[in-house]
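**Student:** Before I ask anything, here is the structure I am working with.
The values are calculated or read from the model by the stated rules, or taken from the named source; none is laboratory data. Only a predicted model underlies this, so the values are computations on that prediction, with no experimental measurement involved. Note that we place each Cβ from the backbone using ideal geometry, even for glycine, and neighbour counts take in every protein chain shown. Accessible surface areas use protein heavy atoms only, side chains included; no ligands, DNA or RNA. Shrake-Rupley method; radii C 1.70, N 1.55, O 1.52, S 1.80 Å.
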Amino acid sequence: MRTHTTTTIGTAAIAAVRNLGILAHVDAGKTTLTERILYLTGTTHKRGEVHNGTTVTDFDPQERDRGITIFAAAVSCAWAGHRINLIDTPGHVDFADEVERSLRVLDGAVAVFDAVAGVEPQSESVWRQAERHGVPRIAFVNKLDRAGADLDAAVASIRERLHPHPLVVHLPIGTEEAFTGLVDLVRLRALTWDAEGTLTEGPVPDRLAAETAARRRTLEEAVAELDPRALEEFCTHATLGTDTLTTALRDLTRTGDAVVVLAGSAYRNRGVEPLLDAALAYLPSPLDTPPVTAADGSQQRLPDPGQPVTALAFKVTTAPTGRLTYLRLYAGTLHKGATLLDAATGRTERIARILRVQADRHTETDHALAGDIVAVIGPKHTRVGATLCDPDHPILLEAPVSAEPVVTVAVEARRSADTDKLTAALARLTDEDPSLRLATDPETGQRTLSGLGELHLEVAVEKVRRDAGVEAVVGRPRVALREALVEGVTGFTHRHAKQDGGSGQFAHIVLDLAPADEAFAFTSTVTGGRVPREYVQAVEAGCRDALSEGPLGGHPVTGVAVTLTDGLTHPKDSSELAFRTAARQGLREALRASRLHLLEPLAQVSVTVPEDALGTVLGDLAARRATVQGTRPGPGGTAQVDALVPLAELFGYAGRLRSRTQGRGTFTTRPAGYAPAPAAASALAAPTVPAAPAAGRAAR
């Protein structure tokens, strides 16, 4: 009976949890909204402001200096008997990996949109990220107090660019500077706020009665079209009751068939309370989400405090209190002092402390239940994406996938005495951010740091300078090029024979190379057992080794189909090592005999500029080899340009755009794949090694 009671209490506690993310484009008001939520829930006692550098979630010095969110910050607060674990995510494309890791552990999200700009480029990107993770969302149209704010236009852009069914549940009272409140179309009540942000609830004003009735009718009809139970009631009674409407909105939100749209002004403290109420009413608790499944699909864990402990590490930071590992606890009850297994590495980690997180401040607790998001101190080797679980009941969860870096810089210490210190700082940095990659160029010996964009690397290097006290010298960024096969060769023969005394090495292979749509494809057409199966696998492994460095400049090679057509073995000297070596050397020679060209990364760029500067900006984009896809009118006398631009041409573009638009132009980018580099840069490679004849069958 005690166990049943404990489990019941634990389940009730899990049902009262909401794990939510705040998603939006840069400057849509995510951080301001988070600050208002913390103040309104009593978590903080003073409203933080982005422009004053006093926010709780943007606590890093770089975030306060730049006025943008760089690192996803977790906070916890209480509202109406529920605990809300909130993650304020970055809105800049260079930090999209922070959003990706956060969405992996969230149950719901609030997408924030600017009431003037509507859906902006990065709004669309984070929306698509949430869709991939199956995270239910509600929308909050912010900044209704701004000049030019238009709720209907913002909703239209949501419908046109994101393609959900937006269900608007608010009607603004007043416009722009006169915006003072909202009509709740579900409960048919007026919500107004005074200058201090105090909420007053009352009847709908007479002047808005007709419009309220019309919009409520539109909402009911839209819901009835999407929800069968609501349709039945609507057909019977020609209207929907409040309870039916609320239930239908909750179900449609959780299935992703529609998105509830709310409105307000976070900066003016208007609309935050109904947003919190909507998050509790419509977004799921951990109990409403599917059981977490092992990466191989072999087992599942329910969000039950009585299940074996199962947690995913989604963030690692170094704080004055020690190394913090942020966990989403999917199952079980985690106690201080517990020993958990890192399922990927087989190491055990001891949980010394469990912390409730308030950005850079923490409150210690003795335990955490399934559904919680907490930070722990104790694990020394746990990396982002690791599964920590009960040692007696191991399970390996699917880890978040980090985006491939596209920009690289050379980093070295200004003083040689600081080299080791810099190495340690960079290693710690890449441990915290898996989207950063640290490597050493084997030809030059330079240490290189790769990331998702110029700002991403700039922030990383500045963090090393500030946190480690190391003055780092940074070389000009280099983009991550690829080499693609244009024309292959057939019947390319390579023989590897080595005799140093004792057993030697012998392998003889014949390869065909052809362009492929995928990165690498390997097949074998050898018959008669001329190359045993285990040696065929070694040939494939050797070919993969060879593709790491191409003949044009040592870049990775892509788009290659290799066919092993023939080969010979020796009864004593052939081995898997010999055939792998032969494949590696042979494919590299075959690539030099083929035609390849360079591929360069492209960026999808959206530029917002004043209309009078449009011509100048278009000319500058043309000089940067951009392919302009179109222009369209933007809000407030601006124009928006969409273009594909080689990433290498975007270095320094922010400063150039500001100078050409008197500081009024802005742009956002996101990766858009690869395309052939110009002939001057690519220098299509002519064959440098003659192809060997196909019939290379001579015995040793």
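**Student:** Suppose the filter is out of contact with any helix residue (DSSP H, G or I) (no Cβ under 6 Å at 6 or more places or on another chain), within 30 Å of Leu422 (Cβ to Cβ), modelled with pLDDT under 95 and assigned to a loop (DSSP other than H, G, I, E, B); does Gly553 pass it?
**Tutor:** Against the criterion (out of contact with any helix residue (DSSP H, G or I) (no Cβ under 6 Å at 6 or more places or on another chain), within 30 Å of Leu422 (Cβ to Cβ), modelled with pLDDT under 95 and assigned to a loop (DSSP other than H, G, I, E, B)), Gly553 qualifies.
**Student:** Kindly indicate which of Ala24, Ala16 is more than 20 Å from Lys315 (Cβ to Cβ) and modelled with pLDDT of 75 or more.
**Tutor:** Step by step, each of Ala24, Ala16 is checked, and only Ala16 is more than 20 Å from Lys315 (Cβ to Cβ) and modelled with pLDDT of 75 or more.
**Student:** Being open to solvent by 60 Å² or more (accessible area, probe 1.4 Å) and either closer than 29 Å to Leu144 by Cβ or modelled with pLDDT under 80 (or both), is that true of even one residue in segment 639-655?
**Tutor:** The answer is no, given that none of the residues of segment 639-655 is open to solvent by 60 Å² or more (accessible area, probe 1.4 Å) and either closer than 29 Å to Leu144 by Cβ or modelled with pLDDT under 80 (or both).
**Student:** What is the one condition in (1) among the β-branched types (Val, Ile, Thr); (2) farther than 29 Å from Asp145 by Cβ; (3) in contact with a Pro (Cβ under 8 Å, 6 or more places away or on another chain) that Thr247 does not satisfy?
**Tutor:** Unmet condition: (3).
**Student:** Turning to a different aspect of this structure: Do we find a residue being in a strand (DSSP E or B) and surrounded by 14 or more Cβ atoms within 10 Å (Cβ to Cβ) anywhere in segment 523-533?
**Tutor:** Scanning segment 523-533 turns up at least one residue that is in a strand (DSSP E or B) and surrounded by 14 or more Cβ atoms within 10 Å (Cβ to Cβ).
**Student:** Spot the failing condition for Thr565; the list is (1) touching a residue at least 60 places away in the same chain (Cβ under 8 Å); (2) open to solvent by 30 Å² or more (accessible area, probe 1.4 Å); (3) in contact with an Asp or Glu (Cβ under 6 Å, 6 or more places away or on another chain); (4) not in a strand (DSSP E or B), and only one is missed.
**Tutor:** (4)
**Student:** Can you spot a residue in segment 260-281 that is under 19 Å from Gly108 (Cβ atoms), without any contact (Cβ under 8 Å) to a residue 60 or more places away in the chain and not in a strand (DSSP E or B)?
**Tutor:** Looking through segment 260-281, at least one residue is under 19 Å from Gly108 (Cβ atoms), without any contact (Cβ under 8 Å) to a residue 60 or more places away in the chain and not in a strand (DSSP E or B).
**Student:** Another question, if that's okay. Somewhere in segment 94-106, is a residue open to solvent by less than 10 Å² (accessible area, probe 1.4 Å) and in a strand (DSSP E or B)?
**Tutor:** no
**Student:** Tally time: how many residues in segment 577-605 are under 30 Å from Thr661 (Cα atoms) and surrounded by 19 or more Cβ atoms within 10 Å (Cβ to Cβ)?
**Tutor:** Total meeting the criteria: 5.
**Student:** Return a yes/no flag: does segment 127-140 have any residue that is modelled with pLDDT under 95, over 26 Å from Thr289 (Cβ atoms) and surrounded by 18 or more Cβ atoms within 10 Å (Cβ to Cβ).
**Tutor:** no
**Student:** While we're looking at this one, here's another question. Determine, yes or no, whether Val401 is within 30 Å of Ala370 (Cα to Cα), of a type in the set (A, V, I, L, M) and in contact with a helix residue (DSSP H, G or I) (Cβ under 9 Å, 6 or more places away or on another chain).
**Tutor:** Criteria met by Val401.
**Student:** On to the next question. I'd like the full set of residues that are within 13 Å of Val183 (Cβ to Cβ) and either open to solvent by less than 40 Å² (accessible area, probe 1.4 Å) or touching a helix residue (DSSP H, G or I) at 6+ places or on another chain (Cβ under 6 Å) (or both), limited to segment 213-244.
**Tutor:** Across segment 213-244, the qualifying residues are Arg216, Leu219.
**Student:** Quick check on my filter: what residues within segment 369-402 are under 14 Å from Leu340 (Cα atoms) and in a strand (DSSP E or B)?
**Tutor:** Val376, Ile377, Thr387, Leu388, Cys389
**Student:** Could you run through segment 325-355 and say how many residues are part of a strand (DSSP E or B) and either open to solvent by 20 Å² or more (accessible area, probe 1.4 Å) or modelled with pLDDT under 90 (or both)?
**Tutor:** 8
**Student:** Where the second residue is open to solvent by 80 Å² or more (accessible area, probe 1.4 Å) and of a type in the set (Lys, Arg) and the first is at pLDDT 75 or above and assigned to a loop (DSSP other than H, G, I, E, B) and lies in segment 658-683, which pairs have Cβ atoms under 9 Å and are six or more apart or on separate chains?
**Tutor:** Going by the 9 Å Cβ cut-off, the qualifying pairs are Gly665/Arg658; Pro678/Arg625.
**Student:** Out of (1) touching a residue at least 40 places away in the same chain (Cβ under 8 Å); (2) open to solvent by 60 Å² or more (accessible area, probe 1.4 Å); (3) over 29 Å from Glu131 (Cα atoms), what's the single condition that is false for Ala210?
**Tutor:** Unmet for Ala210, out of (1) touching a residue at least 40 places away in the same chain (Cβ under 8 Å); (2) open to solvent by 60 Å² or more (accessible area, probe 1.4 Å); (3) over 29 Å from Glu131 (Cα atoms): (1).
**Student:** Taking the options Leu485, Leu449, name whichever one is in a strand (DSSP E or B), in contact with a strand residue (DSSP E or B) (Cβ under 7 Å, 6 or more places away or on another chain), at pLDDT 90 or above and of a type outside the set (S, T, N, Q).
**Tutor:** Leu485
**Student:** Kindly indicate the residue of segment 145-200 that is open to solvent by 20 Å² or more (accessible area, probe 1.4 Å) and among the β-branched types (Val, Ile, Thr) and also farthest from the chain's Cα centre (by Cα) among those meeting that condition.
**Tutor:** So, considering only residues that are open to solvent by 20 Å² or more (accessible area, probe 1.4 Å) and among the β-branched types (Val, Ile, Thr), the one farthest from the chain's Cα centre (by Cα) is Thr200.
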